[in-house]
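Notes follow once the structure below has been shown.
The values are calculated or read from the model by the stated rules, or taken from the named source; none is laboratory data. In this text the structure is predicted, and so the values were computed from the model without any measurement. Methodologically, a virtual Cβ is constructed for each residue, glycine included, from the backbone with ideal geometry; neighbour enumeration extends over all protein chains shown.
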Amino acid sequence: MSAPPSAPEAALPPTPLPPPPAAGWGLKVAMAFGLLADAGVVILLIAISGFVFGGPEGARGEIHAVMGWAGAVATFVIPPALGLWFWRRGRPDVGVALAWLPPLAALAALAFGLL
């Protein structure tokens, strides 16, 4: 009896990719401070929402003020959340950039008088 024929090379499963290298402590510190900066601005936006809307009535103020406030909150919540998603998927550089993008853009807007 002869041995069964061997499987062709194309039928073999692909070799798995190696895990991404661990992020260094510098990136971890930068990510932590970026998330703290984003959280601080969101807390500030929530704290001043009564002044924006003219009282403690929730989002029943002028529609432009409500939309501007909601857009500002979304600007400081969505990019850091995406940054954490990239961080967990092995791209800590993109994660840190997304965490720092909203605070640095707000500082640049303040510096150039856009806000």
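Residue 10 fails exactly one of the following numbered conditions: (1) surrounded by fewer than 13 Cβ atoms within 10 Å (Cβ to Cβ); (2) modelled with pLDDT of 75 or more. What is the number of that condition?
Among (1) surrounded by fewer than 13 Cβ atoms within 10 Å (Cβ to Cβ); (2) modelled with pLDDT of 75 or more, residue 10 violates only (2).
Might you let me know whether segment 71-80 holds any residue that is farther than 17 Å from residue 45 by Cα and assigned to a helix (DSSP H, G or I)?
Taking segment 71-80 as the starting set, the residues that turn out to be farther than 17 Å from residue 45 by Cα are none.
No, segment 71-80 contains no residue that is farther than 17 Å from residue 45 by Cα and assigned to a helix (DSSP H, G or I).
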